[in-house]
Amino acid sequence: DLIKPGEWMLIYSVGSGTCQWAAQMAKLRGYKVLGTTSKGKLEIAKGIGCDELLVLDCLEGKSYADYKSIDIAAKVKEITGGAGCKCIIDGVGASTYEISLGCLARRGIFISFGNASGAVPAFPVLRLNAKSAFVTRPKLGNYISDPEEFANRCSDVFNWLKEGKLKVGIDKTFDLESAVDGHKYLEQGKSKGKVLYTI
């Protein structure tokens, strides 16, 4: 296993939709979670249950985090006793991938799944060599490729929801005619949970 219960995982943007779930699921699996959030989403992030929370300033005029406002790599080293994080879940992209690579522990895995700040540019694979690190760019369809696998994955999520172990934060609902407004809301980084559309 690349990461074991009790090891550190860095998850960006735990005050926003997808990573609220990622952080909660990581805790349910027994990992130590170090989350990041902007000051504008701090109250939401506090309720997620991270072991440690790095609070960043917002970019001027925006509601999303300024990833240069604190030295994340230094904080990660301090919190992990210099080891770094065995797993990094990064849905931000261009603004954070360098930080992510710098925060990895030896034989850690960098999971790049989103492009909120832009796509991660190509980088030389030799950069992973110093820590024998792994990198992956997962796609949901490859993890639910047949009915049995889909059912198994859904079973965990629905059981956690039923047992009250996994919280769903619904931030805002738009009617379908306002889909453009909903997308603008997401693009501006305002969401503090799931954004839904009514049909």
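Quick look at the numbers
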{"read-out": "The range 44-74, residues that are among the charged types (D, E, K, R) and within 17 Å of the chain's Cα centre (by Cα)", "value": "LYS46, ASP51, GLU52, ASP66"}
{"read-out": "Which listed residue, of VAL92, VAL76, is farther than 25 Å from VAL168 by Cα, open to solvent by less than 30 Å² (accessible area, probe 1.4 Å) and in contact (Cβ under 8 Å) with a residue 40 or more places away in the chain", "value": "VAL76"}
{"read-out": "Any hit, the range 60-69, residues being more than 20 Å from LEU101 (Cβ to Cβ), free of Cβ contacts under 8 Å to residues at least 40 places away in the same chain and surrounded by fewer than 19 Cβ atoms within 10 Å (Cβ to Cβ)", "value": "yes"}
{"read-out": "Matching option when the condition is within 19 Å of SER16 (Cα to Cα), within 17 Å of the chain's Cα centre (by Cα) and open to solvent by 80 Å² or more (accessible area, probe 1.4 Å), among GLU98, GLU187", "value": "GLU187"}
{"read-out": "Set ASN152, ASN129, ASN115: member being open to solvent by less than 100 Å² (accessible area, probe 1.4 Å), more than 19 Å from the chain's Cα centre (by Cα) and not acidic (Asp, Glu)", "value": "ASN152"}
{"read-out": "Residue satisfying all of: in the range 155-184; loosely packed, with under 11 Cβ neighbours inside 10 Å and within 30 Å of GLY61 (Cβ to Cβ); farthest from the chain's Cα centre (by Cα) among these", "value": "GLU177"}
{"read-out": "The lone exception for GLY164 - which of (1) free of Cβ contacts under 8 Å to residues at least 24 places away in the same chain; (2) among the small types (Gly, Ala, Ser); (3) in a helix (DSSP H, G or I); (4) closer than 21 Å to ILE48 by Cβ it fails", "value": "(3)"}
{"read-out": "Within the range 71-97, tally of residues that are within 23 Å of GLU7 (Cβ to Cβ) and assigned to a loop (DSSP other than H, G, I, E, B)", "value": "9"}
{"read-out": "Residues being of a type in the set (Val, Ile, Thr), closer than 24 Å to LYS39 by Cβ and outside any loop (DSSP other than H, G, I, E, B) - total across the range 167-199", "value": "2"}
{"read-out": "Output for the range 16-26, where each listed residue is open to solvent by less than 50 Å² (accessible area, probe 1.4 Å) and not aliphatic (A, V, I, L, M)", "value": "SER16, GLY17, CYS19, GLN20, GLN24"}
{"read-out": "Positions within the range 27-45 being assigned to a helix (DSSP H, G or I) and crowded, with 24+ Cβ neighbours inside 10 Å, in sequence order", "value": "LYS41, ALA45"}
{"read-out": "Residue within the range 48-67 that is in a loop (DSSP other than H, G, I, E, B), within 24 Å of LYS131 (Cα to Cα) and either touching a helix residue (DSSP H, G or I) at 6+ places or on another chain (Cβ under 9 Å) or aliphatic (A, V, I, L, M) (or both) present", "value": "yes"}
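Residue by residue, here is whether (1) modelled with pLDDT of 95 or more; (2) outside any loop (DSSP other than H, G, I, E, B) holds:
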{"position": "ILE99", "(1), (2)": "yes, yes"}
{"position": "ARG106", "(1), (2)": "yes, yes"}
{"position": "ILE109", "(1), (2)": "yes, yes"}
{"position": "SER117", "(1), (2)": "no, no"}
{"position": "GLY141", "(1), (2)": "no, yes"}
{"position": "ASN152", "(1), (2)": "no, yes"}
{"position": "VAL157", "(1), (2)": "no, yes"}
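The values are calculated or read from the model by the stated rules, or taken from the named source; none is laboratory data. Please read these numbers as outputs of a predicted model, since none were measured by experiment. Ideal geometry is used to build each Cβ from the backbone, glycine not excepted, and the neighbour counts take in all protein chains shown. Surface accessibility is based on the protein's heavy atoms, side chains included, excluding ligands, DNA and RNA. Shrake-Rupley method; radii C 1.70, N 1.55, O 1.52, S 1.80 Å.
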